[in-house]
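Notes follow the structure.
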Amino acid sequence: MASSETPTQSYSEKWYWDDRYTNESEPFDWYQKYPSLAPLINLYVPHRNQRVLVVGCGNSAFSEGMVDDGYEDVVSIDISSVVIDTMLKKYSDRPQLKYLKMDVRDMKAFEDASFDAVIDKGTLDSILCGSNSRQYSTQMLEEVWRVLKDKGVYILITYGAPNYRLRLLDESCSWATKLHVIDKSLTDQPSDTPKWELTKPVPLDAEGSSVESAIGKSPDVHYIYVCIKDESLKMEADAP
């Protein structure tokens, strides 16, 4: 165990999460809770029988929120066996919620094109905090792309601004990407009118420079990248 690592560097390490979940039993949601994101999830995952994968689920109540909202097949994975054991016991009476110990960089237990949507709240960010971040993040994104059906969506909730995240997304796989933003303060059901309309995409060019003109410099938001798997784009990229 690399005790000299800073906490953020440790976010990509299994031992860190096992230790954290051993000592912290209360549910915790990174960035946003389900109620604040539900309008966007409902927009891009409109049918309640669509199969959804939540990666790096931790002890979040997000998956539970989806099932409460009517989604019938929500699979949640995490690298920590400690938290998965906890969640299996907690939701043993709810068959719509499935929990598996799995590394998002290696999801061979899932067949190709087996999910309609993949939701990521902070998992890619955690991997980017650790060692070999570029290699591991590429492995993760390639696995996410593989398990998605064609036209399936990868919904990435992150603090990473477009000038950092777009290149990583574009270089890993063939996505058609839309960007949404949500006020950081809206971590639960909004009590008043939000500054940004969640379900309206922000204008997005290849470098992400259009975003600043639309929402200002250093906005206090979480960025939500809706990445649509498009196999035709991959065929174009692979063509000689």
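The values are calculated or read from the model by the stated rules, or taken from the named source; none is laboratory data. The model shown is predicted, which means the values in this text are computed figures rather than measured ones. In this analysis, Cβ positions are derived from the backbone assuming ideal geometry, glycine residues included, and neighbour counts consider all displayed protein chains. What goes into the accessible areas is simple: the full protein's heavy atoms, side chains included, and nothing from ligands, DNA or RNA. Shrake-Rupley method; radii C 1.70, N 1.55, O 1.52, S 1.80 Å.
Brief remarks on what is shown
- The single residue among Lys178, Lys151 that is closer than 25 Å to Asp78 by Cα and assigned to a strand (DSSP E or B) turns out to be Lys151.
- Of the set (1) open to solvent by 60 Å² or more (accessible area, probe 1.4 Å); (2) at positive phi, all apply to Ala113 but (1).
- Only helices (runs of 4 or more DSSP H) whose full extent lies in the range 25-100 are considered here, and the ones with at least 3 residues that are open to solvent by 70 Å² or more (accessible area, probe 1.4 Å) and without any contact (Cβ under 8 Å) to a residue 40 or more places away in the chain are 81-90.
- Taking the listed residues Leu141, Leu168, Leu233, the one that is touching a Cys at 6+ places or on another chain (Cβ under 6 Å), assigned to a helix (DSSP H, G or I) and surrounded by 13 or more Cβ atoms within 10 Å (Cβ to Cβ) is Leu141, with no other qualifying.
- Any chance Leu43 is closer than 23 Å to Ser185 by Cα and of a type in the set (A, V, I, L, M): yes
- Of residues in the range 154-165 being among the aliphatic types (A, V, I, L, M) and outside any loop (DSSP other than H, G, I, E, B), the one nearest to Gln32 (Cα to Cα): Ile157
One line per residue, one yes/no per condition, for (1) at pLDDT 95 or above; (2) touching a Phe, Trp or Tyr at 6+ places or on another chain (Cβ under 6 Å); (3) within 28 Å of Asn42 (Cβ to Cβ):
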| position | (1), (2), (3) |
| --- | --- |
| Lys89 | yes, no, no |
| Asp93 | yes, no, yes |
| Val118 | yes, yes, yes |
| Ser126 | no, yes, yes |
| Cys129 | no, yes, no |
| Gln139 | yes, no, no |
| Arg146 | yes, no, yes |
| Ile157 | yes, yes, yes |
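- Selected residue (only one of Tyr154, Tyr164 is without any contact (Cβ under 8 Å) to a residue 60 or more places away in the chain and of a type in the set (Ser, Thr, Tyr)): Tyr164
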